[in-house]
Amino acid sequence: MGEQKVYGYMRVSGKDQNEDRQRLALLEIGVPEKQIYMDKLSGKDFERPQYKKMLRKLDSDSVLYVKSIDRLGRNYIDLNEQWRVITKERGADIVVLDMPLLDTRREKNLLGTFISDIVLSLLGYVAENERINIRQRQAERIAAAKINGVKFGRPVIPLPDNFQKMHENWRMGKISMKQAAENCGMKTKTFYSKAVRLEKEKYKD
């Protein structure tokens, strides 16, 4: 077994996110600056250039440090798969600094693997549950806003002043739909959909 190589991985998802905290934690644990890889991308998948570059370096003599599990990834299905690739295919260890249970160096046996798998599954469940709760809260807010008269979607653009006249002329066969639309400063498709809606409303009344 060769000398152990240490790597660090950081991910920031926006300009407003402070990367210094992650970098400092990795440097303090002993990761050399030149062996810290960082992507400025979302954590929804693993299509990240620096992550892929780092993955190619990992082998059975490597330890990968991350500040927290969400810096590695947010999609827990993909995260489980990447965890398997790093630990099983590449044979490297992973240490999550904010979660001591996620340290594959701790116990190189079935129990250590079992604990890591349970923790990852639990994190995945919590993350998915939170996504469901967020969607539910959004739906409830939208429903409450609608009750209070808040309108969603694009604002309705008022019809041009000559629309009614152009519509009548078109229906009477005096002008073509294309001419009517051009006279109203509209696309033919838009003119037709507005005309149909107008007719439906008249019929409804």
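Taking the criterion of being β-branched (Val, Ile, Thr) and loosely packed, with under 15 Cβ neighbours inside 10 Å, the only residue of the range 18-75 that qualifies is Ile29. Between residues in the range 129-148 that are of a type outside the set (A, V, I, L, M, F, W, C) and residues that are outside any helix (DSSP H, G or I), which pairs lie under 8 Å by C-beta distance while being six or more apart or on different chains? Here the result reads Lys146/Phe152, each pair linking the range 129-148 to a residue that is outside any helix (DSSP H, G or I).
Checked against the criterion of being outside the structural domain of Asp70 (by TED's automatic domain parsing) and modelled with pLDDT under 85, the candidates Arg105, Arg135 yield just one match: Arg135.
The values are calculated or read from the model by the stated rules, or taken from the named source; none is laboratory data. Small disclaimer: the values here were computed from a predicted structure and weren't measured. Here Cβ is always computed from backbone atoms with ideal geometry, including for glycine, and neighbour counts include all displayed protein chains.
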